[in-house]
Amino acid sequence: MLDSEVERSNEESSLYSELNLAMFKSIKQLPLSLQETVTLFLLEYSGIALSPNEFFQKYPKAVWVILNDLINKYKYNDTIYKMSVQAQSMSLFIHSLDDHLCDGQIPLDLAKLHLRTTVWNVFEKTCGNLFSELRVEEDLYEENINIYFSSSFLESVDSLDDYLNRSKRQSTLWQIVPLMLAASEHRQSVQFIIEQFIMAYRIIDDLEDWKADAIAGEKSSIYFACSDGQKGVFSKKNQSDEEYSSLLRQTIDDENIFQSLGQVALECLKTSEERAISIGLKTMAVNIKHYQETQKLKWLF
């Protein structure tokens, strides 16, 4: 889904351009015979037909604009800035690609296998260079990587709390660079800000995709928010997609699911914004606030 966001400042536009450029630069490390295939895949994957300058248009702005806040807050040099942008660019893409590969939305082939490996190697090497420059303890990286993989593939989900906790833990890949940039006394807050935002974003994404997710048999936050007595409705039997989605929408409305989940999302955004303000991440806070207000108007929470 497209991120509702504040118009980009010049500084944010520069960062956004660097993120997009880093993604397509990584293709140059692939064998020449794969580069054209991978480039076309990435353009299709991102939903852009002509320009690689908008590859990250569908990604939430908050998970990359935080870099500017942290770079400015701690007055890091241009070397740190460029490495941070490159690593964050790779992490954003890896998380998304892993998600789609694991749920079967994208078939795996040789080109995508090499792309995923190449991007991961760039991410890992750049993070290593950042650790050296920032003199951050290496277990920060290892701990978050282990959380990412375990939460993505090993944890079962039996409740709404479990579902949101998994989404929060999956965001660790996006947290690594911001956590490295943050001073040790602010890391817990930076982690909290991103996790709260991601849980809200996950819920709102589920609300937008409720029909497609249900038809595909995916159990989203909507399923887990339903009462136990109504969860059976999600088991599609001998119904057309239209009949099934109509019955499901009636259940969702009867149980007031959109409103109840919307309130959870708004509370997450509110606490995320408040924490960002408390540690001086003003741009992050402004973007979270704007996202919160646009979603309230869109869904009438």
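For the reader, a short list of remarks on this structure follows.
- Exposed trypsin sites (Lys or Arg not before Pro) absent - longest run of the chain, DSSP non-H/G/I/E/B, at most 12 other C-beta within 10 Å: 136-236
- Given charges at Cβ of Lys, Arg, Asp, Glu: the range 10-299 dipole, positive-most of L207, M284, W120: M284
- Across the alpha-carbon set of the range 31-112, the Rg to Rh ratio works out to 1.03, Rh being the Kirkwood radius.
- Charge dipole (the range 10-299, unit charges on Cβ, about Cα centre) - positive-most of Y223, P107, T251: P107
- A straight chain from T117 to L297 at 0.36 nm per residue would run longer than the Cα-Cα distance by 60.7 nm.
- Distance between the range 59-75 and the range 221-290 - C-alpha centres, whole angstrom: 26
- Distance between the range 175-207 and the range 107-170 - C-alpha centres, whole angstrom: 14
- Correct choice for Cα Rg over 2.2 N^0.38 Å that was computed from the model, options (i) 1.37; (ii) 1.07; (iii) 1.02: (iii)
- Each label was represented as a point 7 Å from its Cα along the Cα-to-Cβ direction; for C102 and E36 these points are 3.5 nm apart.
- Of all complete DSSP H helices in the chain, those with a Cα span along the helix axis of 27 Å or greater and a mean Kyte-Doolittle hydropathy of 0.0 or more are 78-102, 110-134, 187-208, 257-278.
- For the range 85-230, relative contact order (Cα pairs under 8 Å, six or more residues apart, normalised by length) works out to 23 percent.
- For the chain, the mean residue ellipticity at 222 nm estimated from helices alone is -24000 deg cm²/dmol, where every DSSP H run of n ≥ 4 contributes -39500 (n - 2.57) and the total is divided by all residues, rounded to the nearest 500.
- Applying 1/(1 + (r/R0)^6) with R0 = 35 Å to the Cβ-Cβ distance of Q29 and A183 gives a FRET efficiency near 0.60.
- Tensor-based shape of the range 186-246 (alpha-carbon gyration tensor, a/c under 1.5 rounded, otherwise prolate or oblate): prolate
Values quoted throughout were computed directly from the atomic coordinates according to the rules given, and no laboratory measurement underlies them. Given the structure is predicted, the values throughout are model-derived calculations rather than measurements. Please note: Cβ atoms are built from the backbone with ideal geometry, for glycine as well, and neighbour counts cover all protein chains shown.
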